[in-house]
Every structure is written in structure tokens, then in C-alpha cells.
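No lab work stands behind these numbers, since they all come straight from the coordinates. Keep in mind that what you see is a predicted model, and the values were worked out from it rather than measured. Methodologically, a virtual Cβ is constructed for each residue, glycine included, from the backbone with ideal geometry; neighbour enumeration extends over all protein chains shown.
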Amino acid sequence: MIGRFIEFGKHLIEVSRYDPEIDLDRWREQLFTVIYPLTWVVGLAACAGTLHSAFAEERYLYPLLAVSAYLLVMGVMGLKRLGVRTRMTIALLVFFSSVFYQSSPLIGYLFLFSFPPLVATLVSFRAALSAIMANILLFILLSYHFASMDLDLTRFGVGSIDQWILYGIVFLFLDIIITACFGLLTKGLAQIIVLERDSRRMIAEKERRLEEEILRSARIQESLSETERKAAFYISHDRLTTLPNREAFMQRVSVEIMRARNRGQVFSIASVGIDKFKHINSIYGPSGGDAVLVAFTERLRTLVRDNDVIGRTGDDRFMLLLSDLARVEDVLAVLAKLWETIERPFQVVGQEIRISASIGLCFFPHDAKSPEDLLKNSETAMFAVKDTGGGAHRFFDAQLNTDMTERINLERMLRTAVSQDQFVPFFQPKVDRYGYLLGMEALIRWHAPTGLIMPDRFIPLAEQNGIILDIGERVLYRACRQNRDWQEQGLVPKKVSVNLSPFEFRHPDLVRSIENTIHKSGLDPMWLELEITESGIARNEQDAIVKLAQLHDMGITLSIDDFGTGYSALSRLRDYPIDTLKIDKSFIDNIPQDKRSVTIVVSLIKLAHNLGFKVVAEGVERPEQLEFLVLQGCDQFQGYFFSKPLSAEEFEKKLQPQVIMS
């Protein structure tokens, strides 16, 4: 029963989802699912009372016929072939008859007043109101008849005419409320259905008219001459380059705004203005200028993706819509290709012409949310570049412009640094508990023309654009070659450690590249240690284990760097062919004061020793840290307490027998 009411409620709430042609009948069907079980309950109670009286009075024929007739009627009501209105009428009739039979005559008579309006509700609300008015008139006539005839009202279950009138008014009031509720609900549903039906018809009519308009336009287009088609095309396109003009480009931007909002994406508008284009026209003539514009357009077409849009918005100005950007930084890759396109010379009228350009960029939704504002902001940034002499780009947002400009300049410097081999290793000592030098870690430094640049500034950028592979190979060679030079000078041989970034470690040609680099440097692999981060191993553990095994078989010592900060499964550590664990500096910083750090460090040292690994603590800066680590059995130490990273010339002084670092 509860489930029926819940289902009925759902259908009332979600009525707008139904097909308007059959909506009311579906609502009546749900109402019937409520009335039907109530009819069963009341009817079975009546049957039970009838059978009990029949057996008590030993009258069997008529009661059994009555019960059989009731069961037959209930069975007929369950037939789906009958209309829902017919089944509801039968159900209401049985229900009220059962109540009439089981109650006092007065209650039964008054219940019959509720039957006609409810049945009339199934037809229409007006029919229900008419039935109520008929009930009121009938009640008035009966009351007048009872009063004038001076009948014995006790036979009707009432003691006096006043009681009859009181009960009648109460039942008529309830009758009005119930009928009004059902009627208004039905009327409301009918209005909703009519509105929905009208809306669907209007939409269907508009779609039909739109299809007819499209077909009519297609027929007109087919009937146009070639000249007329070209004229229609050039209304929205530039004649020289056939690119969309400003109005057409703004329409495409409007469509992209809707797509970006629906998908939660970012896109960029780039305004590109050719610098001093009037000088090109003056020197090479209008035909030469047009040839440059056409050639530049063709280059832009090869630059952009299928979903991107190019437009020409002025004599020397172009617009680019760069769609589907996962993040703002993704525009940098397109910007780099754009600059490469601009800087290549053009062959025009048998001469080589070089141009420069000013580029302004803005982003949706960060800088603007309408097509007009997006174009205006990108042009504002472009004109700002022109005012400073051109040949550059600028982002509309000031802070973003600063960050992006610094990032692009750094990337350009990085590529130059790789070609000029500006990266050198600095060496930081590794010592034992007594301060004796055991080895060193090669830490990359960039000797740029502007000064020494630390790795935290350029390593993330190098990993993003793939330059890290060239940088890592050069630093590995420089570290191995330097260690080999020291050995050839007769200095005490020490093992040098070199870091491999996760990006390098994922490279499929890693092992062969390292083998070639070591061979070229002339260093025995036994004097090389490679440090790999936990995240580099965890990303593809099976492949990582294979690579580690191959490197270990070459005689190279392997170490897990920054241990405790990554994702290694402790249960798998025993499967790694490694020799050393390096405890990350973040844990060392807070010992011995912080209890959590102390617990972690002690656990890591015990775990490593139980698995047969050596332990290196990096970032040791205070004597109390060293004392604590020594007491816990740590094997090697590294940090500013002993020495900062040193250049090769400075570190060479440490490579003497029996040198104590502190």
C-alpha cells in the first residue's frame, strides 16, 4: 500500500514528463492503483461479516451468491482491457456499497452522497460540481421531506431531524473538499498537458518551418550563379585571404562560448598584427603586401587545429580562436609555433621578406565573457605591444602576462643553454658517522649569462617540454667524466650519485642511453650511483623493476631518493634491486623535537636495515640531528652541516686521504 502511494506521488510530481495524449489516463491509472486495494480491504471485510452472519443464521444461498458476485466484480476490475474510467467507477461503487452495508443506515446514506461527485470527477471538473449541486438539492429535499412527514428517523440511524441536518452538512462539506481537491488536481493536470501539448506543437511547427527555410535556402543557393554565390560568400569573408571577417569571426566566438560553458573549458583569442605593414606596401607595392598576407594566411592555416578558427579583422590584423584548452598554459605551445611561423622569411616577388608581429592574448572566461569584450581585450594587449615597438606578445592580464613572459623567456634560454652546454654539476659530500668522505651527489646547476640558476626554477619547465632528457644526459656525462678525471689524477676514488627525474626514468630508451653515456665518459659503473624517486618507480612498477634490474646488472648502485614521500608499497621494497634508501629532508628537519618525525625516521631506518639496505639521511643541518641519527644507526649523512654543494674545483680539495668533513 505504501509503495502504491509513493508511486502515485511520483507520477503527480513528474507529470510533465508524460505524453500529453495519454497523461490523464495515466494519472487515473495511478489513482485506481490506490482505490483498488482499498476496495479489496473494505469488500473482504464485508464478505467476512456476511459469511459469519450466514453461518450463524444458517442462510447460505444469498450470502454465497453475494460473495461470489463481489469476487467476480473485483476480478473484472483487474482486467486491463477495460478502460480505466470504467474500472474506477466499479471500484468506487463497490467501495461505497460495502461501506453502506457495513455502517449504520445514516452513514451509508450520507456516503452515497460522495459517490456521484467522485464518479463525475472522472469525466470533468464541471460534472463533479454539477453532482455536488445535485447532492445539495437532494439533501435539502430529503430533509424537508423528513421534517414535513414526521417520519420515524430512528430507522435511518438518527435520533432527530437536527442530528440528520448536522451530519448531512458535515458530509456535504467533506464531499465538497474531496471533490474539489480531486477536481482541481485533474483540472491542473489537464492544463499542464494542454500547455505541454501546445508547446510541443509550437516547437514542431518551428522545426518544420526551419527545415522548410533551410530547403528553400538550399534551392535558392543552387539556383544562384557563380557570381552570386561568390557575392554571398564575401559578405562574411575577406576577399583576399577568404578568411572569416570580423562579424563572422565574432559569430564563431559566440558559438565557442556556448560550447566552453557547457563543457567547462577554456579557450583563447589571439590578436596578431603585422608590424609596420605600411612599409612593406611602400617598398614592395600593394601586390607585394597582398602576397605577404596570403602567404602568412597559409602558414596560419597549417598552424592551427581543425576546431580552431582564423579571421582577418583589418588590413594587417588577424584573429585566432584557440579552442579546447585544458589549461591556460597550453597556449604556450601554439604561441611557440606562431613565433616560429612569423620569424621564417617569406619569398615574395623573388625577394626574401622578413616580418615581425605584435600578439595580444586573452582567455575565456578569465578575461571576458562576451565576444565583443574578448576581441577588444586581445586587441588592447596587441596594441600595447605595438606601442612598445612590436615583435613581442602580451597577455591581457598583467600578472599572467608577467608569469607567461618569464616562462617563455626561460624556455628560450633553456634551449640555448642545452645547445651551449651551460649545465654543470655541483658536488655535495656524503660522509659516515665520523665525518669521513664516502662519496658525493652531483647536483645540477645552470650557469646562465645572468648568473647561477637553481634547479627548482628550470627543472619543472624542462620536464614539461622534454628538454630534461638532453639536460639529464649532459649532466650524467659531466659527473661521470669529472669523477673519471679525479681518478686519473690519482685522487681517492669515490662514488658519485646522479639523480634521474621521473620523466627520464619513464623514457623507453633509458638503459641504453645511460650505458652509452658511461662508456663515453670512461667511468667504471661501480663508481656510479643513480637516485630514483619513489614516484618514478610507482607510475609503472613492472617496467621500473625491469629497468632497475638492467642497471644493477651493469654494476651501477641504485638508491631510492626522497624515501617516505612517494607511493612505494613497503611490501614490494624487497623486490626492488636497490642498495640504498635516502630519507627525505622533510623528515630530518623536525628531529629530534617532533615525535611524529622521530617515529617515522626510526621506522624507516629499521625497515631499511631489515631489508638489507643502507640508509642515507639528507638535509642534516644541526648537530642534534646528527647525534640522533647516529644513535639510530644511520649509515651515511649529507647536508649543510658538513658542506654545501661545491663546484668541481672546490670539491677536488676534499678528495684527499683521511679528510674529515666536521
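In order along segment 622-630, phi translates into HN-Hα couplings of 10, x, 5, 5, 4, 4, 5, 5, 5 Hz, rounded to whole numbers, per the Karplus curve 6.51 cos²θ - 1.76 cosθ + 1.60 with θ = phi - 60° and x for Gly and Pro.
Only Lys, Arg, Asp and Glu carry charge here, each on its Cβ (+1 for the first two, -1 for the last two); on that basis segment 246-396 has a dipole of about 140 debye about its Cα centre. With both labels modelled 7 Å from their Cα along Cα-to-Cβ, the Leu607 to Glu298 distance reads 6.3 nm. For Glu515 and Met258, the FRET efficiency from 1/(1 + (r/R0)^6), where r spans their Cβ atoms and R0 equals 51 Å, is about 0.40. Assuming R0 = 25 Å, can you tell me the calculated FRET efficiency for the pair Ala218 and Arg305, based on Cβ-Cβ distance, to the nearest 0.05? That gives a FRET efficiency of 0.30.
Each of Ala336 and Arg407 was given a label point 7 Å from its Cα along the Cα-to-Cβ line. The distance between the two points is 1.2 nm. Under 5 Å from the amide H of Asp275 lie the amide H atoms of Ser356, Ala357, Ser358, each residue being 5 or more positions distant or on a separate chain, with H modelled from the backbone and absent for Pro and chain starts.
Estimated at 0.36 nm per residue, the fully extended path between Glu211 and Glu650 surpasses their Cα-Cα distance by 149.9 nm. A straight Cα-to-Cα reach below 22 Å connects Lys582 with the lysines Lys430, Lys494, Lys495, Lys547, Lys595, Lys606, Lys614, Lys644, residues fewer than 8 places away in its own chain not being considered. Amide H contacts of Lys495 (H built 1.01 Å from N, in plane; Pro and chain starts excluded): Met440 sit under 5 Å, all sequence-distant by 5 or more or on other chains. Projecting the Cα atoms of Ala326, Thr341, Ser282 onto the charge dipole of segment 246-396, computed from C-beta unit charges around the Cα centre, puts Ala326 farthest toward the positive end.
Between amide H atoms placed 1.01 Å from N, distances below 5 Å from Arg445 occur with Val424, Phe426, all of them 5 or more places distant or on a separate chain. For segment 246-396, the relative contact order works out to 31 percent when only alpha carbon pairs closer than 8 Å and six or more residues apart are counted. For a test of the definition: using alpha carbon positions, the gyration tensor, and the 1.5 limit on a/c, classify segment 246-396 as rounded, prolate or oblate. Judged from the Cα gyration tensor, segment 246-396 comes out prolate (a/c at least 1.5, a/b above b/c). When the Cα positions of Phe503, Val475, Pro577 are compared along the charge dipole of segment 448-589, Val475 comes out farthest toward the positive end, with charges on each C-beta of Lys, Arg, Asp and Glu. Here the Karplus curve 6.51 cos²θ - 1.76 cosθ + 1.60, taken at θ = phi - 60°, turns the phi angles of segment 376-391 into couplings of 5, 5, 5, 5, 4, 5, 5, 5, 5, 5, 4, 5, 9, x, x, x Hz, with x standing for Gly and Pro. Residue-wise HN-Hα couplings along segment 410-416, as the Karplus relation 6.51 cos²θ - 1.76 cosθ + 1.60 with θ = phi - 60° gives them from phi, are 5, 5, 4, 5, 4, 5, 5 Hz; Gly and Pro carry x. Taking label positions 7 Å along the Cα-Cβ direction at both Ala549 and Leu461, the computed distance is 4.1 nm, reported to one decimal. For segment 387-467, rounded, prolate or oblate, judged on the Cα gyration tensor with a ≥ b ≥ c (square roots of eigenvalues), a/c < 1.5 rounded, else prolate if a/b > b/c? Prolate, since a/c reaches 1.5 and a/b exceeds b/c.
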